[in-house]
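I have placed the structure first, in the form of structure tokens, so that the comments after it can refer back to it.
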Amino acid sequence: MRVVIKIGTSLIAPGGQIDVHLLRGIVDQFDLSNNEYLIVTSGAIAAGISGLALPKRPTDVPGMQACAAVGQSKLMHTYERLFFGKKVVAQLLLSSDDFTSPVRYRNLQNALAELLTLGVVPVVNENDSVSVRELEGAFGDNDELSSLLATAVKADWLLLLTDVDGFMVANGRKKPRLQRMVRKLTPAIEAQCNGKSSVGRGGMISKLRAAKLASEGGVHVAIVNGRHPQAITQGMTCRIGTYFPPQKKN
């Protein structure tokens, strides 16, 4: 199978420090002999904050650009170490133009197809150090990017790894309950989402919309707690997390 794994900032760099132990646990779950994997990684800006020893996240675009440039280097060094002796990794930094321009979109699909044929694991992120529209909110975030990527490569699965168990819904006076399956995203469901992450730019609403986009493209989608020791295997068997069935055949 072809699987896109999106790893959120809250997992990769909580507090601005890359959590190598957690990332190693995620990579060790990859069935590299049977499946093809693409990683959509967040965390460049958060990692750059610590790399530059800044007291807090910049609020200006040039400051975030600088953090992204420094942090992306740290991220790729980490992934190269994690896959050493297993697979070659490749870095792709993308922007909205790569999906809206027919020529660039075709070039992207060709590059990804060749990398996967060669057995390479593409590691994808937004090009935050150059394309500032993402930082200013014109493109979205890595949840949206992962859904566009999954559709572009005709992936079988998209796993959105985060730091919660899935989509939690109100349950009266009791604690929120996990919604195990969402067949159709409605305004009522979206209204139950809370705010954004303190370290990333997304949030549950972003993940729901990404899941909707990918499932409409024929991809199986799950929002799963990436801290679970079998997040990938159990997420793909619908034993944990929130599952979104494909709306059509891929």
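The values are calculated or read from the model by the stated rules, or taken from the named source; none is laboratory data. Keep in mind the model is a prediction, meaning the values are calculated, not measured. Glycine gets a Cβ as well: all are built from the backbone with ideal geometry, and neighbour counts include every protein chain shown. Remember, those area values only see protein heavy atoms, side chains included, never the ligands or the DNA or RNA. Shrake-Rupley method; radii C 1.70, N 1.55, O 1.52, S 1.80 Å.
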Which count do you get for residues in the stretch 10-36 that are open to solvent by 10 Å² or more (accessible area, probe 1.4 Å) and either modelled with pLDDT of 90 or more or touching an Asp or Glu at 6+ places or on another chain (Cβ under 6 Å) (or both)? 17
Looking across the stretch 83-101 at residues that are modelled with pLDDT of 95 or more and over 19 Å from the mean Cα position of the chain (by Cα), the single one that is surrounded by the most Cβ atoms within 10 Å (Cβ to Cβ) is 87
State all residues of the stretch 232-242 that are under 16 Å from the mean Cα position of the chain (by Cα) and either among the aromatic types (Phe, Trp, Tyr) or not in a loop (DSSP other than H, G, I, E, B) (or both); if no residue qualifies, say none. 232, 235, 242
Which condition number in (1) more than 23 Å from residue 228 (Cα to Cα); (2) open to solvent by 30 Å² or more (accessible area, probe 1.4 Å); (3) touching a strand residue (DSSP E or B) at 6+ places or on another chain (Cβ under 8 Å) is the one that residue 76 fails? (2)
Search the stretch 37-53 for residues being of a type in the set (A, V, I, L, M, F, W, C) and out of contact with any Asp or Glu (no Cβ under 8 Å at 6 or more places or on another chain), and hand back the single one that is surrounded by the fewest Cβ atoms within 10 Å (Cβ to Cβ). 53
Determine, yes or no, whether residue 56 is open to solvent by 70 Å² or more (accessible area, probe 1.4 Å) and either at pLDDT below 95 or aliphatic (A, V, I, L, M) (or both). yes
Flagged in the stretch 59-71 as of a type in the set (Val, Ile, Thr) and open to solvent by less than 70 Å² (accessible area, probe 1.4 Å), in numbering order, are 61, 70
For the stretch 175-192, the count of residues that are touching a Leu at 6+ places or on another chain (Cβ under 9 Å) and either part of a strand (DSSP E or B) or open to solvent by less than 50 Å² (accessible area, probe 1.4 Å) (or both) equals 3
